[in-house]
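The values are calculated or read from the model by the stated rules, or taken from the named source; none is laboratory data. Computed from a predicted model, the values in this text were never measured in an experiment. Cβ coordinates were reconstructed from backbone atoms using ideal geometry, including for glycine residues, and neighbour counts include every protein chain displayed. In case anyone asks, the SASA skips ligands and DNA or RNA and just uses the protein heavy atoms, side chains included. Shrake-Rupley method; radii C 1.70, N 1.55, O 1.52, S 1.80 Å.
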Amino acid sequence: MDWQALFLSLKLAAVTLLVLLPSGLWLGRWLAYTRVAGKSWIEALVVLPLVLPPTVLGYYLLVSMGGASPIGAWVQQTFGVRLTFNFLGLLIASVIFNIPFLVQPVQRAFEAIPRQLGEAAAVSGLSAWQTFWRVELPLAWPGVLSACVLTFVHTLGEFGVVLMVGGSIPGETKTIAISIYDRVQSFDLTGANQMALLLLLFSLGAVAASFFASARLAVRR
């Protein structure tokens, strides 16, 4: 068992969720309510990381964030840090790759809230923030919870994007998915099987727990 790779994957999943949740919550809610022109194009951009092959997305991220790119060169000269082949680059790639996994369930959850509730809250004197915090978020919580679990579990299993942007540096960018691949390449099938089974059981347990929690919340409502 490659515990170092496992802990790195858990760290990446937790930080990705922490970074993506506030902006994903805002974007999902905005997409649920807005009727702005070009909404379909914005939704298509949100879903794009889901339909693109991970290696294609990873390639474009590598090219756009590498030291030879304007963005990568500027960040390196200004802040003295690289955006590829380290944990920071891995985190940026992971956040972009997971946008649809967080935003789409959140959007569907807010779309399911009756519009009349918002109007009633406004008539009752609640501010926009109070309406969001006290009315909308509790109703959308099952969808938000599912989105969080989906994003966390999906990050644990990322492979193509992680490999393209981060490579396989032990303790820095070598996640458990890459470690499984390395074990298979070296014919260590016992080690690969242990890690794959752990990942499978953890993912199954996390998704089942989120469904159970969502069902309990729905019953309480």
**Message:** Taking a virtual spin label 7 Å from the Cα of residue 198 along the C-beta vector, which residues in the stretch 1-41 bring their backbone nitrogen under 11 Å of it?
**Reply:** 1-10
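Once every DSSP H run of n ≥ 4 in the chain is given -39500 (n - 2.57) and the sum is divided by its residues, what mean residue ellipticity at 222 nm do you get, rounded to the nearest 500 deg cm²/dmol?
Details: 12 runs with 172 residues, N = 221.
Calculated at 222 nm, the ellipticity per residue is -25000 deg cm²/dmol.
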**Request:** Tell me which label goes with the value of mean projected area of the Cα convex hull in nm² computed from the coordinates here: (1) 14.6; (2) 12.3; (3) 15.4.
**Result:** (1)
**Complete:** TM-like helix rule applied to the chain (DSSP H, alpha carbon span at least 27 Å on the long axis, mean Kyte-Doolittle at least -1.0) gives 3-33, 137-156, 189-220
**Prompt:** Which one of 206, 114, 184 is farthest out on the positive end of the charge dipole of the stretch 79-221, using unit charges on Cβ (Lys, Arg +1; Asp, Glu -1) and the Cα centre as origin?
**Reply:** 114
**Prompt:** Which residues does a label at residue 81 reach in the stretch 20-53, if reach means a backbone N under 16 Å from a point 7 Å past the Cα toward the Cβ?
**Reply:** 20
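What's the carbon and sulfur percent of the stretch 25-166's accessible surface, probe 1.4 angstrom, rounded to a whole number? Let's see the in-between values first.
Details: 5120 of 7340 Å².
Of the solvent-accessible surface of the stretch 25-166, carbon and sulfur hold 70 percent.
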**Request:** Could you compute the FRET efficiency for residue 130 and residue 44, with r as their C-beta to C-beta distance and R0 at 30 Å, rounded to 0.05?
**Result:** 0.35
